[in-house]
Amino acid sequence: MTDTPEPDPESVRKNTPGRGIRPEATAIDPAAPDEFGLVQVWWGDGKGKTTAALGMGFRAAGHGYRVHMLQFMKGGADSVEAVRGEYNAIAAMPGFSYENLGHYGWAGLADGSNDADHAEKAAAGFERAKELIDAAANADLTSPLDLDGRPDEGVHLLIFDEILYAVAMGLLDESAVLELVERKPEHLELVLTGSHDDPTYLHDVADLVTNVRKVKHPLESGQRARKGTEY
């Protein structure tokens, strides 16, 4: 039996992610991504779609890339407070910004909110989404962007949170969202979240489609949304 030679330490180091160097936090300076430009879709009946998008947003901002999140369908409910943890964290993070165009309550539920108001807010959100896409198209996304700049001046990573729920609830048309995605400039990374229904209309244009599947959820046993985990 032939003895297996010991691997060369230098070869192992070079083939290890990060080349075996323990990462340390560094100052955040404006930078531009080398390989952005994909379309990501996160859907499913499980918890974690927005959380995943936020995680990517913070990771990108940590590299000095400009990030913006536009939220649909999240105008508030009596189970959450007016100020959410992610908003405070985004406000403290260089290069990350957000805006919320959701309406109080939830469309289609007898929660005191008006469905016509939900439709109006969703339509306004969609118009804003087009403005942000066009702004990115007019910016040089291969170059660093001002971390304190307005999202209307362009961003490297754009998150449309819960836009897929707006489609599933009939507040936005599938074809309109598909056209929005196809309108995306080459170097813009675009993330869309929401919906328990598979957005098959996006499969051909998306580079990543993730189904966040529920196995068990505390809401089923009566647990309300908790501060620090759900908001």
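Where a number appears in this text, it was derived from the coordinates with a stated rule and is not lab data. From a predicted model like this one, the values you see are computed outputs, not experimental measurements.
Summary table
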item: Whole-Å semi-axes of segment 124-215's equivalent ellipsoid (Cα gyration tensor); result: 25, 14, 12
item: Sorted largest first, extent of segment 30-221 alpha carbons per principal axis (Å); result: 48, 35, 34
item: Net length gained if the chain between ASP152 and GLU99 were fully extended (0.36 nm per residue, minus Cα distance); result: 17.9 nm
item: Residues with amide H under 5 Å from that of ARG66, placed H, sequence gap 5 or more; result: LEU145, HIS156, LEU157
item: Full-extension gain in nm, GLU24 to ALA176, via 0.36 nm per residue minus C-alpha separation; result: 50.4 nm
item: In order through segment 37-46: 3J(HN,Hα) via Karplus (6.51 cos²θ - 1.76 cosθ + 1.60), integer Hz, x for Gly, Pro; result: x, 8, 10, 10, 10, 10, 9, x, 8, x
item: Net lengthening on full extension, HIS217/HIS196 (0.36 nm per residue, minus Cα-Cα); result: 6.1 nm
item: Under Karplus coefficients 6.51, -1.76 and 1.60, residue-wise ³J(HN,Hα) of segment 152-169 in Hz, glycine/proline x; result: 5, 9, x, 9, 8, 10, 10, 10, 9, 7, 6, 5, 6, 5, 4, 5, 4, 8
item: Proximal lysines to LYS227, defined as alpha-carbon separation beneath 23 angstrom and excluding residues fewer than eight positions away on the same chain; result: LYS47, LYS49, LYS74, LYS214, LYS216
